[in-house]
Each structure stands twice: as structure tokens, then as C-alpha cells.
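The values are calculated or read from the model by the stated rules, or taken from the named source; none is laboratory data. Just so you know, these numbers come straight off a predicted model, no measurement behind them. Virtual Cβ from ideal backbone geometry, glycine too; neighbours counted across all protein chains shown. SASA here: full protein model, heavy atoms, side chains in, ligands and nucleic acids out. Shrake-Rupley method; radii C 1.70, N 1.55, O 1.52, S 1.80 Å.
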Amino acid sequence: MKPAFTLRRGRLFRQFIIRPLLAEQIRTITTVLGVSLGIAVVIAIQLTNASSVRGFETALETVAGKTAVEIIGSGTGVDETLMPQLGWLREYGIISPVIEGSAALVTADPRSLSRRQMEAVKILGIDILRDQPFRDYQLLEIEKRNHERATDFNTQQFLEILTSPQTVVITEKLAARRSYSLGSELKLMIGDRVLPFVVRGILKNEGPARVLDGNFIMMDIAAAQLAFDRLGRVDRIDVLLPDGAPLRQGYGGQADIEQTLQAIAKRLPAGVFAQRPSRRGEQVETMLAAFHTNLTALSWIALIVGLFLVYNTVTISVVARRQEIGTLRALGLTRNKVLLLFLGEAAALAVAGIAIGLGLARLLADAAVTMTASTVSTLYIAAVSAPPDMNIGHLWTAIAIGLPLSLVAAAIPALEASRVPPTAAMRGHDTLDMRVRFKPAALIAGFTFLIAAYALAQLGPIGRRPVFGYMASFAIVIGGAFLVPAIMYFLAKIGRLVLRRRLGVEGLLAHANLTSAIPRLSISVAALAVSLSMMVAIAVMIGSFRDTVVYWVGQTLKADLFIGPGIRPTVGSEQTVSEDVIATLATHPDVVALDRFRNVDLIFENNLAVLGAGSFDVVLDYGGLLFKSPANAREVVRGSIGQDVVIISEPFATRYRKRDGDTIDIPTPKGVMPFKVVAVYYDYASDRGVVIMDRGTFRKYFGELSPSGVAAYLKPNVDPEKVRSEMLGMLAEGHRAFIMSNSTLRGEILKVFDSTFAITYALELIAIAVAMLGVAGTLLTLVLERRRELSLLRLTGADRRQVRRMVIIEAALIGAVSQGIGLAVGFGLSLVLIYVINVQSFGWTIQFHVPLAFLIQASIAVVIATSIAGIYPARRAAQLVLSHDE
Amino acid sequence: MMSKVFIAMLALAFGQAPSPKPQATWQEAKAGYVFSFPRDHAAHPDFKIEWWYYTGNVSAADGRRFGYQVTFFRVGIDHTPANPSKWAVRDLYMTHLAVSDPKGQRYRYDEKLTRGGPGLAGAKADTYYTWNDDWSAGLTGSREPGAGNRARHALKAAGKNAGIDLVLDEGKTPAINGINGINQKGAREGNASHYYSLTRMPTKGTITIDGERFEVSGLTWMDHEFSTSFLEPEQRGWDWFSIQLSDNRELMLYRMRRADGSHDPRSSGTLVDASGRTTHLTNTDFTLTPGRSTFKSTNGAIYPTEWTVSIPKHKIDLTVTTPLADQELSLVQSTGVAYWEGMIDVAGQSGGQAVRGSGYLEMTGYYGSLGRIFSGS
């Protein structure tokens, strides 16, 4: 039978879906905005994560030049006296020793000396006689003259670069930005010293000069060794294979390079290792993986809340047009076409959301990069992080994520719509009373998810990623969402009297309205509750974490003053305190003891960890470390001083599955050596994992190295701030040690801690904002649908204010109920975060602690915020009645 | 003797640097220097400039001829560097390697420029051994037969397209060039060098060119010269000849060309007789006249490849030709240096008798505007 209904589908879609979407602007806008925020956050976090690694990798690639293989040492570089022995490396290509480091540009502006505001520059020390084929340096100033006559090589300039320890070659960009020219003095802070240099060459903006936006300085290797206090060693030796360039690209080349690497590795003496330069990028990527995974997981919350809105909107549109659907069906429109119509609606919302979301992503990414950059650079690596440009790939990602998920979200209401019988057209106009009463199935589903969550939380991580932990969190969230209607019915039953008493007739009416709308509201409430539960969970987690860190800092930091280099050290950029600074400070009359400690990068099982050297004696005497195991750790550690033993941090133990009694292999300049683990201690400073050796043991394998920092113990009852300023006064001109008192350092640690979690809160706020949009949209729909009731209310004597009040009370109730549910679900989530996700991705024990004050404040804020979200619907409600009067 | 333009440039340029420390400084070549061997084969680190220069004509068993040149230069940059780093540059070590193949009309060369660093390159002062990466020259453990306890020299250098691995006997005793232990190079006192030559060194070993290896034997000429300064601003370049004659005599001659086109009066030479006795030749004792044949380099330099040598006092008249016109070592891209250094054939009269011979010719200062650099502008 040929259907009587002959409207073309495109036209039907326009009239039946697009037109109402355009008519109901508020709902459409909130939904689209919700989806777009969700998409934006996901893409922004993707961009942000890429930026920190990419920043490092781009820097790595530009500086590595055509290096195919690099020879590295164990934390402290390569002993330069090995170089003649490594002459056979020439069989593989040209070899070039490198010193690479960071410094801060010291300008007339005193802020340039502040650890926070300093302008970092990358310094590459190379053998300028040999390095030419490696990195494409183009000396601008020399080049200019060279152009006139090929022989007129400016030998004097070249020799000054070669021989003067004060010579630097800077980039065109840096020269322009800071108005340096040939002959200008340039001051750099390296470690704790401010050193004067002279600009003797300007590099064209090519090759490594592009790194860090031109904040690149080249020196001869001799000058760099002196400047960085690395006499006797080089950071690495780069090897350029004969046809170096294609090796990193082609697949065939990859195999060759693996063979070459193995061949080289076999011939290397103990204590040095061969790797591809990209390995360092991979290590940084692994190091940041846990941090990035967490951000990614958080970003999805906003998206999921946005999808709730799609579900909500399509549901409303199905419910509101039940009769029309019936008519269409009666006219011969097939079920599948009805299904398609509503999926089309979801798709339309998603496409609009994606389009706006991509634009928003860019803005959010900039903000997120700013927020994470300090964390990444404080805790992990120094890299200029600008979000990478968005490309077509991001568009596809957004479409691939947004579209199918929106369709999935809309599938349930759309199927519902397709099941509307043609007879629906015959029934009364106002069949809004819902088919959803109370489904026990939802209750069962809810509990099933919660049980599943519990089971998932028991499983271990995959790699270092707590995949099951995240699944458990989502299961909790979904389970909680399923339970929302049941909870609301329950609350409706017990809440009636309370509301009546407290809020009078408006309260009662609000209660009645909400109760009758529970099936509809549960979606919005669930969305809001989900995002609030995340907020609660994160607040509990961070609160617990912070509390733990405060306790740990109090236990661990016992020294009165901490002396560090003026510039903050990061991976691959060692910064040290000079001996003469220590000697000077030791002469202060109030100093009882100075304890130096030294950190080096440790490559353990192909990951970056930290190897520290400190005096076990001092640590034990002053009670600096909190031991996790064994029970008699103090005696064991004291008894093992002088032996080849280490103590490891808890994150190290968790990550590499090591415990006291195990033996771990540590690469040292004397080869890979076995060390016995005698104790595990609590550490919250680094999730990379820390291995600590006694200073004597460290010296035996690594030699005497300048310390990364010094802890000073003062006489009792001395004001550390006073000693601090006296010490600063004692330092010779040209030394900039960074001295912090115990209390300042504690404050500093918490500041770093808080800034680390700033992005977490920001992401959470976005999710809450999306949920609020949902509440406003839902309320508005309810108001629009209750036109008759509202008119009746007005006619029976309710004034405009009462109507407004009623709607705002409804809004506040929604907020309160959502927050209530959010608190309950949130505690569940926080358990997963603290005991599963954190342990698996970072490996630290957090003591559970509820930040009560914060949660109370947040709950009040949520109720106020939802009330505010209710203002617009309330005003519309009041207006609607008027217009109905006419 | 010297293709030392770059070295000279370095020396001069650095001489003008504003920061030379007054205390320890370079020693100048002074008259009265008494050579002692084998001590004087080894390095003289207190002199700014030093080189060990080997040029040889060798042939394979089937008679195929080859020429080779290997030169180890040491040039002092900073006598006592302030920077304690081992990478601080006290001396630069530059090595040039070239192999000539007249039959294949091939000339292949390579270079190395290295700082001493932690043992990357160097020249020992106690015993003769100088190296630059894996290229080296020095005395070996094996002894020269019938020459007392004299050690043999060994040369090892392998570049991309050229390589040598040779063992040399010293042959005749060292011939001291110049008068009273010094070889005056400029008008000013001190602009001179200590300079001796091993003029006829029996040579054996292998030569590699473009990956092809040849067992060879033949004769080598070795120069060892050390000084601190010798060039003067108006000296533009030089033509230097080392010739091994069939009558068992050897001849070294060089002529300095001045910026104005004239010949510097300090040009000189040495005639070595069969027993090793030397006769000093002054500027007025000989004439060097370029012939018509030339080699035009792609870089614009034009080198005369045909010469006549005349020393009337000793009844020597020789014609110099080369079996390979292109023996220009052009390092314009790296160090900015280009010079012609190649194997030559000689034929003519010596003391009324017909002689033949072979040797090496070096021509510098034909490329670029060295005058401006020398005059310090």
C-alpha cells in the first residue's frame, strides 16, 4: 500500500524537527551549548596534553638535529675521558659531544631573578669545530660578511666563540626581543650563579635556533662545561649516521637503526648506553601519562553531562509531540522514519554543538595550557607549551566522539517515539503524564552498576593506567544516575511536610509540581548530581591528599633552611649549588649543620625516575623520612650505611613492584650495579619514583658532584628568616642562591600542590555549568508545559511574585536534591579515586579525610546557583500567565 | 713546507685578539737552535705553529704510480687557557690527507680539524706521536735496518675516499734548513722557523683511493717545522718544491710572493748531497719560472703546473711537470683554504749530467684575497 503521507523527508525534518528547535530557543541553546562545552573540553584537554609533550619533543627534535643515536651516561652524563676510547663510534658516523642545559636570562628587571618570572633559555654547548653537519646553524652576522667574499671568513669572531669562556651565540629572535647585538653583554643565571657573557654571534632563525621561540643560546662545549660546572663530563655524545636524516622517517631505516643501536650497545663500556634521541621524548611522555590520563578522564565528564542534555532534549521533544507523532504515524510514516527523525534531531544538536565546541576548544586550550604549564614545568619538564594548532584531525575527533554519542544518548527517546501508536493522535491533547512511573528495573540496574563498580575497583591497572578504576567510577556514576528517580520518589514522600512548614504554600506547590515531574526531572537531576558528585569526589580526594601532604611535609621537612640553585631544576637540566656558596653559608654562626643532597635523573626500566643522594645519618637523626616498611626501617637503614643499599619511595615501589628485600639494578658510571632495597618511605613530591642512596655509596659510584640543594640546621631559638636574610647578604656578587625557610618551603609545596589541582577544579566547574544549563532548560520546559496550571494559579489568586517564588523554590529543590545525591555518589567516587586511581597511576597512599567546610560551602553554593538558574524560567513563568490572561 | 694559510690566518687573527694574557706566551724561533734527534721529531708545544708534512711518490708492484700527502698541523690558539675545561682550546689540530692517481686522473682528499679536548687529538712532546682522531703519525716500535737504533715512522690516515697506511725509514740524516738552526721567513727577527727535512725516506705500505687498495713502495719527503710567527703582511703566498733527483741529491726550494708581485728576498732553499750534507741556497742562488701550462680551479684560482728551476752555481737546470693537473686541495667550504699540492716529475741537468727525479710542488695564495687578511684589515 502506498503511504498517503507524501511529504518528502527533508521537508518533514525541517518542519517537524528544525522548526520546533528554532522555536524553543532556550532549550536548544542550552543543549547545543552543553554539547559544545563537552566537546570543547575534550578537545582542549587533548590539545593541552599534546602541548606539554609536543613542546618537549619539538625542542628535542630541533636540537637533536640529524642525530640518529646518542650515547648517554647514568644520570651524570658521560665521563669525557671515555671519548678517545669511543673513537670506534666514527665507524657509524660523525660524533659530537653535547652539554645541554637551561638558564635564566637576567635582565635589568629584578623580576628576572624571581623563580616564577624568570625567562628560561635553552643552552647547547657543542664542539663548534665539529658540529656543523649535525645541526643547521646559520650564523647571521658571520654569514653577512661572508657573502661579500667567500674567503673573508671572520676568523677572529670564530676564534672568540671558540676560546672565550664568556662567548655566547644567540638567536636572531632573542636579539630582536631583548635588543642584543654583537658585543652586548648578556647575563645568565645558571644554578646559583649569575654569569656575564658577551654576544659574539647571531644565529639565523633556523635549525635549533627555532627552539623555545628563539630562547636558545649556543656556546662552545668548553665554555658550557665551565658555565654549568660540568668539568670532566659531557651530557651525551650525539652520533650522526652517514645518512642520518632518513633514518628517523622510513620504516626500513628504523630497522637499520635498531641493529646499529644494538651493535653500538654491545661495544660500549660499562656505565654508558646508546639510545635514539626520541627515546627521551617517549620517556617524558610516559612520565606525563598518568597526569594526562587523569585530565582526559575529567574532560569526559563534561561531555557526558552534555550528552545527558541531548537525551533530555530529545525526550522532551518526543513527549511533547506524542500526539503529532501519532498523527504522522496515522498518515503512514513508518516507525523507522520516526526513529530517524528524532535521531536527526540529536544529530542536528550534535553538529551545532561540535561546530561551536571546536571554536571554544581553542580558547579553553589556551586557558588550560596556562593552568597546566606551571604544573608540568614545576613537576616534570621545562618546555614552552603553546597549544598546537587545531587541524582537521581534531575536527574528525570531535565528530567521531560527539556524533555517535549524541545518537546513542538520543536512541532511547527516539525508540520510544517510534513506538508511539497511530492511536496517540486520537487521544487528548495533554497526555504529558508520563509512562515512566517508577520502574523497579531502574533500581535493579542502579544496584547492578554499583556492584560492578565495586568489583572493578578490585582489579589492578593495565600498564600504569587505572583503566578499571575509571570504569568503576563511570559505573558508580551511571548506577547513581539510575537510582535518581527512586531517590526522588522517596524524597518526595518524606519532603512534603517539611516544605509545607518551611516554605508555605509556594513550597507545597513546588513540591507537588516537582513530584509530578519526577520522571522528566530525573534526567536533569541525574546530570547535575553526576557532575556534583565528581566535584565532591575530587574535593574529598584533593582534601585528603592535601591533608596527607601537609602531614608528610611536617614530618619530612625538618631542616630550618633550604638552599637551592636560583633556577629551578627540571628533567634534563641539572642545576646545582656551588661549593663556594656552601662554604660561605657554613660560616654563619647560627648554622649547626649543613646537609647536602644531590638528585640525578635515573633511567629505570626505560622510565625516568630520580636518584637522590643524601646522608642517611642526618635523615635518621633528624627524623626526616616517614617509612612505610619495614616496621624497623630506622634500625635497618642505619645498620646498612656503607653497603650497596637504597631506600625507595612509595610511588617507586608501587610502580615497579619493588619492596624492601628486593634488589634493583641501577645504572651507574661504573656500570649497572645491583642495590638492595632496605626500606620504602612515603613521598608525595614526585610520582616518578625516587631511589635514595647514602652519600658515601653515591660518591663511590658517581664521584663527587655539586649538590642540588643543601639543608641547613640552625641553633635552637634562632629566627630562620633573620638567618636567611643574613645569608643572602653574605653571598658574593654573582651568586643567587635560593634560600627558603622551613615555613616558606611548606607554603611553597602547598602552593605547587594547589596549582596542580587548579585545572581539576576548572574542568569540574565547566561540568557543573553544563549541568546548570540543563536545570534551567528543564525548568523552562516544565514552565512552558504548565502554562494552564500556572494560569489557573494566577486566576485563583496567586500573584506574580508567588509564581516566581514557586519556580525558584523548585530550582533550589532540584539543586539541593542533586547535591544530596551528588554527595552520596561523590563519596563512593572519592573512594575509587583515592584507593584505586591514585594508587594505580601515581602510587601514593592518601589518608582519607573529608574537607567538611568546603563541602558545606559548596553545597550552599550549589543551591544558590541552581536558584539563580531558576530565575529566568521563573520570570518567564510569571510573564506567561499574563500573556495567557489576554 | 707549508700550506699553512689557514693556520696563519688563525695565528694572525688571534694575535690581534684583545685578551692575550701577558704571562706565559709563545716562544720565537731564535738563531743558534741546536737540533737533536729523535727528540726534535716530537712536538714543541711552546711554539705556536708546528707541522709534520709528508709527501711521497710511490708505486705499486706493476709500476702504477701514486702520490700522497699527509700533514699534521698544530696551531697554538691560547697558550694557557683560563678555562680549566679539557675542551678549552690551547691548540687546534688540523690534518690534511690527499692521494693522487695519475693513471686514473684522480685526486682525493680529506681533512680533520679537531681540538685537543680529552685526548681527541694531540702531539706528544716527549716522543714523536701526533694524532687527530684515528689519524696518526709517529715513531713505531720497529727499527730501521742498518741505522743504529733509529725507529721507523708510521703514517695512518683513512678518509672517505683516500687512505694511507705506511711505514717509513728515515733514510738520510735530517737536513737542517736555513742557517744557524733557523730559517728566516720575514724581515723582522723572530719571523722565522726551526725547519728540518727527511729528504729521502724509503716508504712501504698501502694506499687506498675510492675504496681500492694498493700495495706500494717508494720515496717520501718529510718536513717538520715549528715557529711562532713568520709571515709578514705583504707576503701573499709561496711556491715550494721538494725534489728527489736520480743522482741521489735532493733539493728544497721556496719562493715567497709579495702582494706587489715581487719576490721576497727571504726565499731560500737547501741542496742535499748523496751523503746528506746540506748547502743553503739564498734567494739569489736560484730562479723559479712558471711555464705555460696552468690548472684553472672552479674557484677561480689559476696555478702554473709547469716550471723551470735554475741554480747556476750548482749547474742545475730542471724542468718541472706534473702527471696530474688537478691536485688542488680545496677546503673552501670548511676552512676557507685552497692550495695546490701535488706530485711532480723533473728532468734536466745536474752538474753537467742528465738527471731525472720526482717530488712535490706546493702553491699557495692563488685563491682568495689573503693579502687583506695578512695586512690585518
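Highest first, please rank the peptides A:784-790, B:318-324 by the mean number of other Cβ atoms sitting within 10 Å of their residues. Write down the numbers at each step before the final one.
Details: A:784-790: 16.7, B:318-324: 19.6.
Result, highest mean Cβ count within 10 Å first: B:318-324, A:784-790.
Given C-alpha coordinates of segment B:72-113, what is the ratio Rg to Rh with the Kirkwood estimate of Rh?
Working: Rg = 16.3 Å, Rh = 12.6 Å.
With Rg and the Kirkwood Rh in hand, the quotient comes to 1.30.
Over segment B:81-140, what portion of Cα pair distances is larger than 17 Å, expressed as a whole percent? Provide the component values of the computation, followed by the final result.
Numbers: 899 of 1770 pairs.
Cα-Cα pairs in segment B:81-140 separated by more than 17 Å: 51 percent.
The share of accessible area on chain B that comes from carbon and sulfur is 51 percent, using a 1.4 angstrom probe.
Shown are B:Trp221, A:Trp396, whose ranking by accessible area with a 1.4 Å probe and every protein chain present, most to least, is A:Trp396, B:Trp221. According to the calculation over all Cα-Cα pairs in chain B, the P(r) per 20 Å bin from zero is 30, 63, 7, 0 %. For segment A:733-886, the calculated P(r) over all alpha carbon pairs, in 5 Å bins from 0 to the bin holding the longest distance, is 2, 8, 12, 14, 13, 10, 9, 8, 7, 6, 4, 3, 2, 1, 1, 0, 0, 0 percent. Ordering A:738-747, B:204-213, A:300-309, A:640-649 by mean Cβ neighbour count within 10 Å, with the highest value first, yields A:300-309, A:640-649, A:738-747, B:204-213.
Mind putting a number on the dipole of segment B:194-268 about its Cα centre? Charges go on the C-beta only, +1 for Lys and Arg and -1 for Asp and Glu, and I need it in Debye to the nearest 20. Write down the numbers at each step before the final one.
Numbers: 9 positive and 12 negative charges, 29 e Å.
Approximately 140 debye in magnitude.
Between segment B:33-51 and segment A:829-851, the C-alpha centres lie 74 angstrom from each other.
Express in nm, to one decimal, how much length is gained between A:Ser629 and A:Glu282 on full extension, taking 0.36 nm for each residue of separation and deducting their alpha carbon distance. Please list the in-between numbers first.
On the way: separation 347, 0.36 × 347 = 124.92 nm, distance 3.21 nm.
Length difference between fully extended and current span is 121.7 nm.
Rounded to the nearest 100 Å², what's the accessible area chains A and B bury against each other, both chains counted, probe 1.4 Å? Walk me through the numbers before you get to the answer.
Numbers: alone 37540 and 15060 Å², together 49980 Å².
For A against B, buried area totals roughly 2600 Å².
For segment A:601-705, the alpha-carbon coordinates run over 31, 28, 23 Å along the three principal axes, in decreasing order.
Based on the alpha-carbon gyration tensor of segment B:139-197 and its eigenvalue square roots a ≥ b ≥ c, which shape applies: rounded if a/c is under 1.5, prolate if not and a/b is larger than b/c, or oblate? Walk me through the numbers before you get to the answer.
Details: a/c = 4.05, a/b = 1.51, b/c = 2.68.
Oblate shape, in that a/c is at least 1.5 and b/c is the bigger or equal ratio.
R0 = 30 Å: FRET efficiency of B:Ala61 with B:Lys160, Cβ-based, nearest 0.05? Approximately 0.70, to the nearest 0.05. Would you list, by chain and number, the aspartates and glutamates whose Cα falls below 15 Å from the Cα of B:Lys160, excluding same-chain residues fewer than 8 positions away? List returned: A:Glu91, A:Asp243, B:Asp110, B:Glu111, B:Asp133, B:Asp134, B:Asp210, B:Glu212. Kindly provide log₁₀ I(q)/I(0) values, in the same order as q = 0.14, 0.16 Å⁻¹, from the Debye equation applied to equal alpha-carbon scatterers of segment A:525-663. For segment A:525-663 at q = 0.14, 0.16 Å⁻¹, log10 I(q)/I(0) is -0.91, -1.11. Placing unit charges on the Cβ atoms of the charged side chains and taking the dipole of chain B about its Cα centre, the candidate lying farthest along the positive direction among B:Ile243, B:Asn132, B:Pro304 is B:Asn132. Rounded to the nearest 20, the size of the Cβ-charge dipole of segment A:794-886 about its Cα centre is 220 debye, with Lys and Arg at +1 and Asp and Glu at -1. Cα centroid separation, segment A:171-214 to segment A:457-520: 60 Å. Of all lysines in the structure, those lying under 18 Å Cα to Cα from B:Lys30, and not within fewer than 8 positions of it along the same chain, are B:Lys48, B:Lys185.
Where only DSSP H runs of four or more residues are counted, chain A gives -19000 deg cm²/dmol as its mean residue ellipticity at 222 nm, each run worth -39500 (n - 2.57).
Let me check something: with ligands and nucleic acids excluded, how do A:Val863, A:Val592, B:Val337 order by accessible area (1.4 Å probe), largest to smallest?
Working: A:Val863 45, A:Val592 90, B:Val337 5 Å².
Largest accessible area first, the list is A:Val592, A:Val863, B:Val337.
Bridging of A:Lys700 to aspartates and glutamates at a Cα separation below 13 Å is possible for A:Asp644, once same-chain residues fewer than 8 apart are set aside. Under the rule a/c < 1.5 gives rounded, and otherwise a/b versus b/c splits prolate from oblate, where does segment B:197-313 land using the Cα gyration tensor? Since a/c reaches 1.5 but b/c is at least a/b, the shape of segment B:197-313 is classed as oblate. Applying a threshold of 26 Å to the alpha-carbon distances of B:Lys204/B:Lys296; A:Lys266/B:Lys124; A:Lys558/A:Lys751; B:Lys86/B:Lys112 flags B:Lys204/B:Lys296; A:Lys266/B:Lys124 as lying beyond it. Label-to-label distance for B:Asp317 and A:Lys670 is 7.9 nm, based on points extended 7 Å past Cα in the beta-carbon direction. If only the Cβ of Lys and Arg carry +1 and only the Cβ of Asp and Glu carry -1, the dipole of chain A around its Cα centre is close to 4660 debye. A 1.4 Å probe run over the protein chains yields, for segment B:269-350, 43 Å² of accessible area per residue, whole-number rounding.
Averaged over the residues of peptide A:80-90, the number of Cβ atoms from other protein chains lying within 10 Å of each residue's Cβ is 3. Note on A:Ile392 and A:Asp644: their simple-model spin labels are 5.7 nm apart, each label 7 Å out from Cα toward Cβ.
Please arrange A:Phe675, A:Phe449 by accessible surface area, largest first, computed with a 1.4 Å probe and ligands excluded. Intermediate values should be presented prior to the final figure.
On the way: A:Phe675 0, A:Phe449 70 Å².
Sorted by accessible area, descending: A:Phe449, A:Phe675.
Per-residue mean of foreign Cβ neighbours for A:793-800 is 0 (Cβ atoms of other chains, 10 Å radius). Looking at chain A, the accessible area is 41 square angstrom per residue; that uses a 1.4 Å probe and ignores ligands, DNA and RNA. Counts of other chain beta carbons within 10 angstrom of each beta carbon in peptide B:83-95 average 6.
Could you give the alpha-carbon Rg of segment A:441-574 over 2.2 N^0.38 Å, rounded to two decimals?
In units of the globular-protein estimate, segment A:441-574 measures up at 1.65.
Calculated on the Cα set of segment B:130-270, radius of gyration then Dmax: 17.5, 50 Å. B:Thr287 sits among other residues whose Cβ lies under 15 Å from its own Cβ, and their net charge, with Lys and Arg +1 and Asp and Glu -1, is -1.
List the trypsin sites (Lys or Arg not before Pro) in segment A:459-544 that DSSP assigns to loop (not H, G, I, E or B) and whose Cβ has at most 15 other Cβ atoms within 10 Å. Which are they?
none
Ordering A:Asn391, A:Leu288, A:Leu745 by Cα displacement along the dipole of the protein assembly as shown toward the positive end leaves A:Asn391 in first place; charges were set at the Cβ atoms of Lys, Arg (+1) and Asp, Glu (-1).
Looking at chain B alone, DSSP beta bridges between its own residues are antiparallel in about 100 percent of cases.
Quick check: from the Cα gyration tensor, does segment A:650-770 come out rounded (a/c under 1.5), prolate or oblate? It is oblate, given that a/c is not under 1.5 and a/b is not larger than b/c. Taking every DSSP helix (H) stretch of at least 4 residues in chain B, weighting each as -39,500 (n - 2.57) and dividing the sum by the residue count yields a mean residue ellipticity at 222 nm of -1000 deg cm²/dmol. Divide the volume of the convex hull around the Cα atoms of chain A by the residue count and you get 222 Å³ per residue. Highest mean first, the peptides B:107-116, A:525-534, A:696-705 sorted by other C-beta atoms within 10 Å per residue fall in the order A:525-534, B:107-116, A:696-705.
Computed over the Cα atoms of segment A:439-481, what is the ratio Rg over Rh, Rh following Kirkwood?
Computed over Cα atoms, the ratio is 1.09.
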